[in-house]
Structure formats: C-alpha cells, structure tokens
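Note sheet for the following structure.
The values are calculated or read from the model by the stated rules, or taken from the named source; none is laboratory data. All values derive from a computational prediction rather than experimental measurement. All Cβ positions, even for glycine, are placed from backbone atoms using ideal geometry, and neighbour counts span all protein chains on display. What goes into the accessible areas is simple: the full protein's heavy atoms, side chains included, and nothing from ligands, DNA or RNA. Shrake-Rupley method; radii C 1.70, N 1.55, O 1.52, S 1.80 Å.
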Amino acid sequence: MFSDLSHKVVVVTGGSKGLGSAIARRFGKENMKVVINYHTDAAGAQQTAEQVIAAGGQAITVQADVSTEDGIHTLCDMALQTFGDLDVWVNNAGMENQHATHQLTLAEWQRVINVNLTGVFLGTQTALNYFVKKNKAGNIINMSSVHEQIPWPTFAHYAASKGGIKLFTQTVAMEYAARHIRINAIGPGAINTPINAVKFADPQQLQTTIAMIPMQRIGDPDEVAAAAAWLASSESSYVTGVTLMVDGGMTLYPAFQGGNG
Ligand code: NAI
Ligand code: BGC
C-alpha cells in the first residue's frame, strides 16, 4: 500500500477488463477515486467499479473512445466534475491483431495506431494541460509492452505503436521533468488477460509462450497493477521516462539461457 495515493483522482483507460480492470481495482485498494473508462463493455466497467468501491475506493464509469479528442476530453471533464481534481492518468487501452505485413491494410494499421499510440498522445496531452494549468506534480503511466523492444513478426502495427510509446514517454518525461510531472511506461510480457485468451487456451501455444519466459509462467494482471501503483506513488519520486518491464524476464534474451550462443 502507498499511503500518499489515498483520495487521489486517477483516470484508467480501457478499464472494463484485463490489465485496466486490475489497475483500477488496485487503485481502489489504495482508496483512490477512479474514473474507469470503457469503450463498449459497460457491464465489465460496472463490475470493476463495484470492486473498486468494495475495496475502499470511489469509482465512476465513463464511455469514451480513446482515439478521439472528444472521448479523451469527456474522461477529463468527468474526473473534474465528479471528483474535482486529477492526479494520475493511466493510458492503458490497447488492441492487437495479427496480419502478415504485406497484407496489412492501411485501415487496420491506422486503427491500431489510433488506439494504441494516438490514444496515448491524446490522454497524455489532456492530462498535461491540466497539470500545467494547476502547476501540479501530476503523474502519467503509459501501457507499453515488451514489444517496444522485441520485434514481433505479423504484429508490425502493434510493435510500431509500442515502440512509439517508448520514445514518446521518454521525450515527454524530459520535456516536463522540471515541472515535476512524471511520465513512465510499463512493459508487460505475456499476461493472463482477454487479449491472450484464445492463444493461452491452446496448450501448444501456451507452452510456446512459457518457453520464452525465464520465470516459466504467465504473468498475473495484479503483478502489472502493482507496478502501476508504485509508479503512481511517491515511492518512485525520482523515476521518470522509464519503461518498467513486468515480464518474468522475457526481455532478457531467454534463448541464451544455459550459456547458449
Ligand atoms: P484487453 O483486450 O483485455 O483489454 C483492452 C482494453 O482496451 C479493453 O478494456 C478495451 O475495451 C480497451 N479499448 C480498446 N480500444 C479502445 C478504445 N478505442 N477506447 C477505449 N478503450 C479501448 O487487453 P489487456 O491485456 O488488458 O491490454 C491492456 C493493455 O496492455 C494494452 O495496451 C495492451 O497492448 C497492453 N499489453 C498487454 C499484454 C498482455 O499480455 N495482456 C502484454 C503487453 C502489453
Ligand atoms: C501482447 C500479448 C503477448 C505479449 C508477449 C503483449 O504486448 O499484448 O498478446 O502475449 O506481448 O508477446
């Protein structure tokens, strides 16, 4: 638990399921006021809100498409109207799908970039505007991936979006450091969420993934949420511009395990 988080206001995008839901629940345990964004799954967002409240926090759910300025502005407006402030903004929403790059349509490229990268830009910019206006030491967390570092054939649009998040986060961290605004990213490895449900339901694909993880297990969403809580808290007060990998060692070149190479 991070006592300085208590009663702070946080926006979590893509909070109806998966990592966003786990992060919202963790912030509930930290007694925070949580704005849970959803795109289409109102019931999932509502369930998350109930869990946040049961854990000791406060929560509202807000429908918005993070790839639009209107959607992002609605999230900020609702945070301010309901809770009167904004302290932390988590750009978590994201999507992926698989296409050979020579067959990837421009429309699909743009769809993934719009949600995963433009959504992060819009969320960051809106939070920055509020923090700058209020001269506030705000905190922004972007959901990147091990694929900001590891190339991922047939997921070129997804990997490009995450590589973009990495340098965007570093650049904005440098730009706003003197104003005491911190911005960091999290780089999850293979985590047990709906995004991976089909893949992990297939025993062979599951084993293939586990073989790429030195800790030899899939990650739990709560392990990513714990990283988000730490980055949001003052316990990480001297940390800005990093991607905190939460990946069981996936980025450590596991093929070299045992002295191979
Ligand atoms: P998920 O599919 O369970 O959840 C994604 C969330 O994003 C959903 O709530 C969805 O509604 C929301 N979303 C998608 N498009 C949206 C839009 N236009 N506007 C608002 N919300 C939208 O996936 P998961 O695993 O929870 O992923 C969350 C983030 O973590 C993503 O950015 C993903 O790339 C990243 N990530 C996930 C990993 C994993 O193994 N689960 C590993 C590395 C990164
Ligand atoms: C993807 C997951 C994948 C993981 C490890 C994440 O960015 O969203 O589907 O399992 O990377 O490859």
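Would you mind stating whether Gly20 is closer than 20 Å to Thr118 by Cβ, within 16 Å of ligand 2 (Cβ to nearest atom) and either aromatic (Phe, Trp, Tyr) or part of a loop (DSSP other than H, G, I, E, B) (or both)? Outline the logic, then answer.
On the way: closer than 20 Å to Thr118 by Cβ: yes; within 16 Å of ligand 2 (Cβ to nearest atom): yes; either aromatic (Phe, Trp, Tyr) or part of a loop (DSSP other than H, G, I, E, B) (or both): no.
No, not satisfied.
Conditions (1) within 19 Å of Gln81 (Cα to Cα); (2) open to solvent by less than 10 Å² (accessible area, probe 1.4 Å); (3) within 15 Å of ligand 1 (Cβ to nearest atom); (4) at pLDDT 95 or above, marked per residue:
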site: Val11; (1), (2), (3), (4): yes, yes, yes, yes
site: Gly15; (1), (2), (3), (4): no, yes, yes, yes
site: Arg26; (1), (2), (3), (4): no, no, yes, yes
site: Ile36; (1), (2), (3), (4): yes, yes, yes, yes
site: Ile53; (1), (2), (3), (4): yes, no, no, yes
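From the list Thr48, Thr61, which residue is within 13 Å of ligand 1 (Cβ to nearest atom), surrounded by 16 or more Cβ atoms within 10 Å (Cβ to Cβ) and in a helix (DSSP H, G or I)?
On the way: Thr61 fails: in a helix (DSSP H, G or I).
Within the list Thr48, Thr61, the selection yields Thr48.
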Checklist entry - Take the residues of region 227-244 that are open to solvent by 30 Å² or more (accessible area, probe 1.4 Å) and either within 30 Å of Gly258 (Cα to Cα) or of a type in the set (Phe, Trp, Tyr) (or both): which is farthest from ligand 1 (Cβ to nearest atom)? => result Tyr238
Checklist entry - On the given criteria, is Asp77 free of Cβ contacts under 8 Å to residues at least 24 places away in the same chain and either in contact with a Ser or Thr (Cβ under 7 Å, 6 or more places away or on another chain) or away from ligand 2 (no atom under 16 Å from the Cβ) (or both)? => result yes
Checklist outcome for this item: How many residues of region 247-261 are assigned to a loop (DSSP other than H, G, I, E, B) and farther than 19 Å from Gly163 by Cα? The answer is 3
Item to check | Hits in region 80-126 - residues which are more than 16 Å from ligand 2 (Cβ to nearest atom), assigned to a loop (DSSP other than H, G, I, E, B), open to solvent by 30 Å² or more (accessible area, probe 1.4 Å) and closer than 25 Å to Ile186 by Cα | outcome: Asp85
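What number of residues within region 167-205 satisfy the criterion of being touching a Pro at 6+ places or on another chain (Cβ under 8 Å) and away from ligand 1 (no atom under 16 Å from the Cβ)?
First, the residues of region 167-205 that are touching a Pro at 6+ places or on another chain (Cβ under 8 Å): 191-193.
Keeping just the survivors that are away from ligand 1 (no atom under 16 Å from the Cβ) gives none.
Qualifying residue count for the region: 0.
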Next on the checklist: For region 195-217, give me each residue that is in contact with a Gly (Cβ under 8 Å, 6 or more places away or on another chain) and within 10 Å of ligand 2 (Cβ to nearest atom).
Outcome noted: Ile195, Ile213
